[in-house]
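Structure record follows, encoded as C-alpha cells.
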Amino acid sequence: DTGVSQNPRHKITKRGQNVTFRCDPISEHNRLYWYRQTLGQGPEFLTYFQNEAQLEKSRLLSDRFSAERPKGSFSTLEIQRTEQGDSAMYLCASSLDRTNTGELFFGEGSRLTVL
Amino acid sequence: AQSVAQPEDQVNVAEGNPLTVKCTYSVSGNPYLFWYVQYPNRGLQFLLKYITGDNLVKGSYGFEAEFNKSQTSFHLKKPSALVSDSALYFCAVRDGGSGTYKYIFGTGTRLKVLA
C-alpha cells in the first residue's frame, strides 16, 4: 500500500495559464475526491468520483475547473485560465467504501501558486 | 445540507493535561463523524470515526471522541497531551442518510501543547 500520490507537489504558473494535477489513489479504492485548502481554512469539497463516474461537483466550482477519472484509477484536475484566487493546496483523497462508512485517505497535496 | 463547526481557532494546553477540541455538526440524516490531524506541509491523517454504536470512540495516538446526539457534538479528547500532539485538527461529517458520499470539513482548530 503506497498511499495516495499527487503530482506535481508544487506548481507555479502565471495568470491565464492552464494547469493539470494528477492523483493516483490507493489501489482498488473505488471513490476518489478532490478538495481545495487555503491557508488557515479547512478542506473545501470540489468533486468526487465513484469508479469512473463523477457523482457530485461543488456548485462553487467554476467551469474553469474540470476533473476526470477515465479508467476508474488515477484522476486529473485541470484548471483553465488560472486566476490568482486559484492559489491553494489541492488535496486528493480516496476511499474503499464497501460498507459505505469508510474514512478518506489523503495525499500530500499539490500546491498551486498563480502569479 | 450538512455542516460542521469548530468554534475555537486555537486551543492551548500544558503538556500532561487533558485536552478537548470541540466540534458540532448539522445533518438531515444519520451523522458519520470523523477527526483528522494535519501536520505542517502534510496531508490529512485519519484519527477516528463514529458511525454507530458506543458513543465513545477510540482512535490513533491515544485520542478519543464522544458523540452526543442531543447536543449534536463530537468533541475530540485526550487524557494527557504531548508536545508532539501540536497540529491542526479537523472535524468532518458525512450525511449517512442522504445518499451522498460527500465529506464536509470544519475550518480547523490549531492545538498547541506547551512544554
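The values are calculated or read from the model by the stated rules, or taken from the named source; none is laboratory data. Note that the structure is predicted; figures quoted are calculated from it, not measured. All Cβ positions, glycine included, derive from the backbone under ideal geometry; neighbour counts span all protein chains shown.
Please work out which one of (1) at pLDDT below 95; (2) surrounded by 16 or more Cβ atoms within 10 Å (Cβ to Cβ); (3) under 23 Å from A:THR38 (Cβ atoms); (4) hydroxyl-bearing (Ser, Thr, Tyr) is the condition B:TYR101 fails and give its number.
That leaves (3) as the condition not met.
When you go through A:GLY16, A:GLY42 one by one, which is the residue that is within 26 Å of B:GLN45 (Cβ to Cβ) and either assigned to a loop (DSSP other than H, G, I, E, B) or within 14 Å of chain B (Cβ to nearest Cβ) (or both)? So that I can check it myself, show each step before the final result.
Numbers: A:GLY16 fails: within 26 Å of B:GLN45 (Cβ to Cβ).
From the options A:GLY16, A:GLY42, the qualifying one is A:GLY42.
With the requirement that a residue be of a type in the set (A, V, I, L, M, F, W, C), surrounded by 20 or more Cβ atoms within 10 Å (Cβ to Cβ) and out of contact with any Cys (no Cβ under 8 Å at 6 or more places or on another chain), what does the range A:46-84 give you?
A:LEU46, A:PHE49, A:ALA67, A:ILE79
Residue by residue through the range B:31-54, note down the ones that are of a type in the set (S, T, N, Q) and exposed (fewer than 12 other Cβ atoms within 10 Å of the Cβ).
B:ASN41, B:THR52
If I ask for residues that are more than 10 Å from every other protein chain (Cβ to nearest Cβ) and of a type in the set (S, T, N, Q), which ones from the range A:45-82 would you list?
Across the range A:45-82, the qualifying residues are A:ASN51, A:GLN54, A:SER62, A:SER66, A:SER73, A:SER75, A:THR76, A:GLN80, A:THR82.
Looking at (1) of a type in the set (Gly, Ala, Ser); (2) under 22 Å from B:ALA1 (Cα atoms); (3) away from chain B (no Cβ under 13 Å), find the lone condition where A:GLY85 falls short.
(2)
Scan the range B:71-85 for residues that are more than 24 Å from A:THR101 (Cα to Cα) and surrounded by fewer than 17 Cβ atoms within 10 Å (Cβ to Cβ) and jot them down.
B:PRO79, B:SER80, B:LEU82, B:VAL83, B:SER84
So which of B:VAL113, B:VAL93 ends up being over 30 Å from A:LEU55 (Cα atoms), assigned to a strand (DSSP E or B) and more than 9 Å from chain A (Cβ to nearest Cβ)?
Just a single option satisfies the conditions, and that option is B:VAL113.
Need the failing condition index for A:HIS10 against (1) within 14 Å of chain B (Cβ to nearest Cβ); (2) under 22 Å from B:PHE46 (Cα atoms), just the number.
(2)
Mind listing whichever residues of the range B:17-52 are within 11 Å of chain A (Cβ to nearest Cβ) and either of a type in the set (Lys, Arg) or over 23 Å from A:PHE106 (Cβ atoms) (or both)?
Listed by number, the residues that qualify are B:ASN30, B:ARG42, B:LYS49, B:THR52.
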